[in-house]
Amino acid sequence: MKVFDIIERDHSMRRSLTLLQLNDLHGYIEPHRELVREGGEWTFIELGGLARIATLFDRVRQVTGGAVIALDNGDTFHGTHVAVASRGHALVPMMNALKIDAMTVHWEFAYTPTGVCDLAAKLDYPMLAINCYRKDNGSLLLAPWRIVERGGLRVGIVGIACPIVDKTMPRAFSEGVRFTIGNEELPGTIRHLRDSEGVDLVVVLSHLGFPQDVKLARETDGIDVIVSGHTHNRMHEAIVENGAIIFQSGCHGSFVGRLDLEVEAGRVASHRHELIPIDDSLADDAKVAAMVEDALAPERVQMSEVVGHIDKPLHRYAMAQSSMDDILLRAIAGVGGTDLAFSNGWRYGAPIAPGPVTLNDLWNIIPTNPEVMTVQLTGAEIRTMIEENLERTFSADPFGQMGGYVKRMLGLKLFLKAENPSGRRIDRLFAGSAEVQTDQVYTVAFVTEQGVPGKFGTGRAKTGVSAIDALRRLFAMISITKHEPVQTVFLA
């Protein structure tokens, strides 16, 4: 990893500013094994760690003379055992140590809106969202924007939270709160920041997702930079859309995005972008390293328990199907005693390298540890549920894309046309070797309302077994020595 060299410039008219981005950390506070492309092949290397990120942030601040704004796109305080067990609070001291200037939110709502506000009260920097409203009085749950002055520039930072919380996620996440996309609020906010607050730059801190941010930039004038999150894109180059520079930096703290700006006469005259791997060339910041160890020490022995072995990697880095979710589905179906199973197409969860699998790995697969449930679905309901998921994945309108990857399915074989219009993407659908029948009732196992939304099915039943225990049972019963997908999605 190489930090940008200092370039001598004429500062008589131009001013320099650096933006640093951390997005979709998902609770990964120490280094982990990560899959990267090297020479066209996937390989594992160790990346990430907040102690390394602290070193990088401090180094860039020193090089630039402090003309730095550090931003966090959210999905920060949820995703690992240490994060979920503490409702995010274990991460607060180390995130404060990074001297972040602002963040926006998404999975933080797993702790309910009240939990989000509790976290916000303990941070040294604001959570921002122009699109999250209290239902009882219409007021904003969080501050919409803040102004930061760095490098002689006055910068307006506008937050946009993920808008799907009240549409596709468990109801408790959004109790008493409604979400908009934020595109209707943004133009007026930009006018206010420029006309009334006198900002030099407008930076949008977004958790909409990369396709959504491209559309947002295309339809909204006056944005200088969109710091993007949610879709976990590792962008090695920033793009420019309608004058807005857009960049995103992967997930799990494996990379940090850096954007250097040259600003002249109230506009960005030039920019330079780099995706920086958080590797072992960065020494640990001693203070943050101690905070990380304090947070993890109470659970290290328990989480290091070996529960099984694999000789092929488990990961979620595929749109249609993934080895990590194939294993999760097998565990769910085993507990439910069913041939069919569903789970959500989550993106988070660091890949697991060949070798021993630990209890910590299982918590990274499904940190919410929901109970395995069963439900009866008609063939018509299964088709409708899958069509809704495909629309939320492949919608021609980016603002209609509200899911992660394609819903994960066991025991079903789906032939689809991703390019078809909404409600018409399924070509043929099979349960085992038989085509799914509209009126037939199927018993399926699932986890969370993201797996099978509450509006579908009858006879929901609890199994009394958590997802983590289901995975433990599976690894105790079998040796996963090769990846044999238990269902296949064909893009025809």
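The values are calculated or read from the model by the stated rules, or taken from the named source; none is laboratory data. Since the model is a prediction, treat every value here as computed from it, not as a measurement. Backbone-built Cβ (ideal geometry, glycine too); neighbour counts: all protein chains shown.
For every residue, the table says whether it meets (1) in a loop (DSSP other than H, G, I, E, B); (2) surrounded by fewer than 24 Cβ atoms within 10 Å (Cβ to Cβ).
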site	(1), (2)
I29	yes, no
V36	no, yes
W42	no, yes
I45	no, yes
R52	no, no
R59	no, yes
V63	no, yes
G79	yes, no
V84	no, yes
Those residues of the stretch 81-127 which are in contact with a Leu (Cβ under 6 Å, 6 or more places away or on another chain), within 23 Å of G156 (Cα to Cα) and touching a residue at least 60 places away in the same chain (Cβ under 8 Å) amount to A102, T104
request  = Go through the residues of the stretch 370-383 one by one and say whether even a single one is outside any strand (DSSP E or B) and in contact with a helix residue (DSSP H, G or I) (Cβ under 9 Å, 6 or more places away or on another chain).
outcome  = yes
Note: among L216, L201, just one is out of contact with any Phe, Trp or Tyr (no Cβ under 9 Å at 6 or more places or on another chain) and either buried (at least 21 other Cβ atoms within 10 Å of the Cβ) or closer than 30 Å to V165 by Cα (or both), namely L201
When R272 is run through (1) buried (at least 22 other Cβ atoms within 10 Å of the Cβ); (2) farther than 22 Å from A161 by Cβ, the failure sits at (1)
| What about G432, is it small (G, A, S) and either at positive phi or modelled with pLDDT of 95 or more (or both)? | yes
Picked from the stretch 219-242 (must be assigned to a loop (DSSP other than H, G, I, E, B) and among the aliphatic types (A, V, I, L, M)), the residue farthest from G266 (Cα to Cα) is M235
Inset, instruction - Test A380 against the stated conditions and say whether it is more than 28 Å from the chain's Cα centre (by Cα) and modelled with pLDDT of 95 or more. - result: yes
- over 24 Å from I366 (Cβ atoms), in the same structural domain as A289 (by TED's automatic domain parsing) and either surrounded by 18 or more Cβ atoms within 10 Å (Cβ to Cβ) or modelled with pLDDT under 95 (or both) - does that describe any residue in the stretch 20-27? yes
Scanning the stretch 267-288 for residues that are part of a loop (DSSP other than H, G, I, E, B) and more than 23 Å from the chain's Cα centre (by Cα) gives D280, S281, L282, A283, D284, D285
Wholly inside the stretch 289-368, helices (runs of 4 or more DSSP H) that include 3 or more residues that are touching a Gly at 6+ places or on another chain (Cβ under 8 Å), buried (at least 19 other Cβ atoms within 10 Å of the Cβ) and not assigned by TED's automatic domain parsing to the domain that holds E34 are 323-336
Counting only helices (runs of 4 or more DSSP H) entirely within the stretch 100-201, those with at least 1 residues that are closer than 24 Å to V68 by Cβ are 112-122, 186-191
Do we find a residue being assigned by TED's automatic domain parsing to the domain that holds P113 and over 30 Å from S343 (Cβ atoms) anywhere in the stretch 164-173?
no
Looking across the stretch 426-471 at residues that are part of a loop (DSSP other than H, G, I, E, B) and aliphatic (A, V, I, L, M), the single one that is surrounded by the fewest Cβ atoms within 10 Å (Cβ to Cβ) is V436
Can H230 be described as of a type outside the set (S, T, N, Q), surrounded by 13 or more Cβ atoms within 10 Å (Cβ to Cβ) and without any contact (Cβ under 8 Å) to a residue 60 or more places away in the chain?
-> no
Boolean, L35 is out of contact with any Cys (no Cβ under 8 Å at 6 or more places or on another chain), aliphatic (A, V, I, L, M) and either at pLDDT below 90 or under 13 Å from P277 (Cα atoms) (or both) | yes
